[in-house]
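The values are calculated or read from the model by the stated rules, or taken from the named source; none is laboratory data. Remember, predicted model here, so these are calculated numbers, not experimental data. Here the Cβ positions follow ideal geometry from the backbone for every residue, glycine too, while neighbour counts run over all protein chains shown. For accessibility, only protein heavy atoms count, side chains too; no ligands or nucleic acids. Shrake-Rupley method; radii C 1.70, N 1.55, O 1.52, S 1.80 Å.
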Amino acid sequence: MTLTQVPPARHLLRAKDLVDARYREPLDVPALARAAHLSPAHFSREFRRAFGETPHQYLLTRRLERAAALLRNTDRTVAEICFAVGLQSVGSFTTSFGRAYGLSPAAYRAAREPAAARARIPTCVLQAYARPQSSRFREDSRERPD
């Protein structure tokens, strides 16, 4: 029986998926390299070659994207969002966010409609109000079909 070798890119995808799923957690290059079954230096080189950015840049980008979504869709404070996405310093978060989005987190939020104005309506309520008032289906009529 011959075992087929897994392509190296598959191991890199495993590490990338780990970042996507666990961006809130403290992840570093050695931990990601272990997930990809590579040495840290080799992993960093191969990750950059495959995805166009370093593992650290990729992780920071995921965290900032999630932070931007939280700023748009919640009323949580900037500090709460900073820590919720796995960053440790509000100052560093503000600087990185400004570089990525061109605005501070507070200015980014202020430039958008408040989250409270876009309150989500539960699906069950939408379905109840979307039902037709009178049904013309034969099953719903009181007369028996012949």
For the residue pair ARG24 and ALA100, what label-to-label distance in nm results when each label sits 7 Å from Cα along the Cα-to-beta-carbon direction?
1.6 nm
Label-point separation, ALA79 to ARG10 (7 Å along Cα→Cβ), nm
4.7 nm
Can you give the translational diffusion coefficient of the range 59-110 in µm²/s, computed by Stokes-Einstein from the Kirkwood radius over Cα pairs at 10 °C and 1.306 mPa s?
152 µm²/s
If TYR108, TYR101 are ordered by their accessible area, calculated over protein heavy atoms with a 1.4 Å probe, which sequence runs from highest to lowest?
TYR101, TYR108
Solvent-accessible area per residue for the range 55-117 (1.4 angstrom probe, square angstrom)
52 Å²
Potential lengthening between ALA69 and THR54 on full extension [0.36 nm per residue; Cα-Cα distance subtracted]:
3.1 nm
